[in-house]
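Read through the structure below, which is laid out as structure tokens, and then see the notes.
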Amino acid sequence: MKPQLTTIPGKVAKQSLIGDRKTNQDRCILVEGIRCTLLGLADGMGGHPQGEMAAQILIDTCEQVLHSTPQPIRNPGSFLVRLLHKVHDNIIDYGKKQHPPIDPRTTAVVVLIQNDTAYWAHAGDSRFYLLREHKVYERTIDHSYVECLHQQGIISAREQEMHPQRNYVTRCVGGTAVAPNIPIEKQELEPDDVLMLCSDGLWGNLDEGFIEDALFSDMSINEAVSSLAEEATQRGFPDSDNVTLLAIQITDATEKTSSSKQQAIKRADKQTELGRAISNLENAIGIYETDNQQEKE
């Protein structure tokens, strides 16, 4: 029987650094539901007003929508599409209420973990990585101008990194009247998989090999995430973008179940020992009272 997977406390880590910017427009969140977990990350688009508010709206909406949706989620893919469309509508509404009206927008990547499977959706160049056996197993494809050129074979991967329009995003949430098309992907998870969401401030400064080595090193997940964020910031100096990542390490629930059973057995043993002690004390008291009564008679 295949072991059930779970996210164990202590195996989740996140980090967000301002870099060399005046403000941090990145946001990320992890929301625990009933037998499901929702991860979200947004990178507010600095070329438009209040990108940080657009990113925050994504975070707030993730929490609100998951908590108001019956769980477990019946159709995870449709749930993620509806979630990002709701984020889009909320951003548009927020922009219309400003004086004068504005059009904030943000990249987005969201992941739902349920029934040992990860479902993900994104818009823009914030990324989702699924790493397995020390390698990148899956990752999102950026919605960007240079990625389109690369997919068409016009430029190489190396030329992407140096292209003057490498930050031009072709899809986002907010900004336009029509919500973006949202692609959905999924993958069944295995123990020791690592899921990572990050903004371009991270992947733009670190190659995949460096990321793989850090996440599968002897460091804890917290230490690895902090190390990656610091390294990306240093490599980007003196023009480092905001750097944000959220990582979760999948572990075998049988370990947790076994540990819980052992703790329950210990508690039961202690309760049994306590019960025996009380019983012995009661018997001693009873014998003492009987002896005293017989002496009086």
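Numbers for the structure displayed
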{"quantity": "Filter result for Thr61 (without any contact (Cβ under 8 Å) to a residue 40 or more places away in the chain, touching a helix residue (DSSP H, G or I) at 6+ places or on another chain (Cβ under 8 Å) and farther than 27 Å from Ser16 by Cα)", "calculated": "no"}
{"quantity": "Output for region 212-226, where each listed residue is crowded, with 17+ Cβ neighbours inside 10 Å and either of a type in the set (Lys, Arg) or without any contact (Cβ under 8 Å) to a residue 60 or more places away in the chain (or both)", "calculated": "Ala214"}
{"quantity": "Region 97-118: number of residues that are in contact with a Lys or Arg (Cβ under 9 Å, 6 or more places away or on another chain), surrounded by fewer than 22 Cβ atoms within 10 Å (Cβ to Cβ) and either free of Cβ contacts under 8 Å to residues at least 40 places away in the same chain or not in a loop (DSSP other than H, G, I, E, B) (or both)", "calculated": "2"}
{"quantity": "Residues within region 70-85 that are over 26 Å from Thr23 (Cβ atoms) and open to solvent by less than 30 Å² (accessible area, probe 1.4 Å), tallied", "calculated": "5"}
{"quantity": "Given (1) open to solvent by 50 Å² or more (accessible area, probe 1.4 Å); (2) assigned to a helix (DSSP H, G or I), number of the condition Asn181 does not satisfy", "calculated": "(2)"}
{"quantity": "Checking Lys186 against (1) within 20 Å of Thr140 (Cα to Cα); (2) assigned to a loop (DSSP other than H, G, I, E, B), the condition it does not meet", "calculated": "(2)"}
{"quantity": "From Ala179, Ala247, residue being closer than 16 Å to Ala123 by Cα, touching a residue at least 40 places away in the same chain (Cβ under 8 Å) and not aromatic (Phe, Trp, Tyr)", "calculated": "Ala179"}
{"quantity": "Residue that is surrounded by the most Cβ atoms within 10 Å (Cβ to Cβ) [pool: residues in region 153-175 that are in a loop (DSSP other than H, G, I, E, B) and in contact (Cβ under 8 Å) with a residue 60 or more places away in the chain]", "calculated": "Cys172"}
{"quantity": "Matching residues, region 47-66, being open to solvent by 10 Å² or more (accessible area, probe 1.4 Å) and in contact with a Lys or Arg (Cβ under 8 Å, 6 or more places away or on another chain)", "calculated": "His48, Glu52, Gln56, Ile59, Val65"}
{"quantity": "Residue match in region 26-39 (condition: at negative phi, out of contact with any Gly (no Cβ under 8 Å at 6 or more places or on another chain), polar (S, T, N, Q) and open to solvent by 60 Å² or more (accessible area, probe 1.4 Å))", "calculated": "no"}
{"quantity": "Residue identified as of a type outside the set (S, T, N, Q), closer than 30 Å to Thr251 by Cβ and either open to solvent by less than 50 Å² (accessible area, probe 1.4 Å) or outside any strand (DSSP E or B) (or both) among Val136, Val146", "calculated": "Val136"}
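The values are calculated or read from the model by the stated rules, or taken from the named source; none is laboratory data. What you see is a predicted model; the values in this text were computed from it and never measured. Don't worry about glycine lacking a Cβ; one is built from the backbone with ideal geometry, like all the others, and counts go over all protein chains shown. Quick note on the areas: whole protein, heavy atoms, side chains included, nothing else; ligands and nucleic acids left out. Shrake-Rupley method; radii C 1.70, N 1.55, O 1.52, S 1.80 Å.
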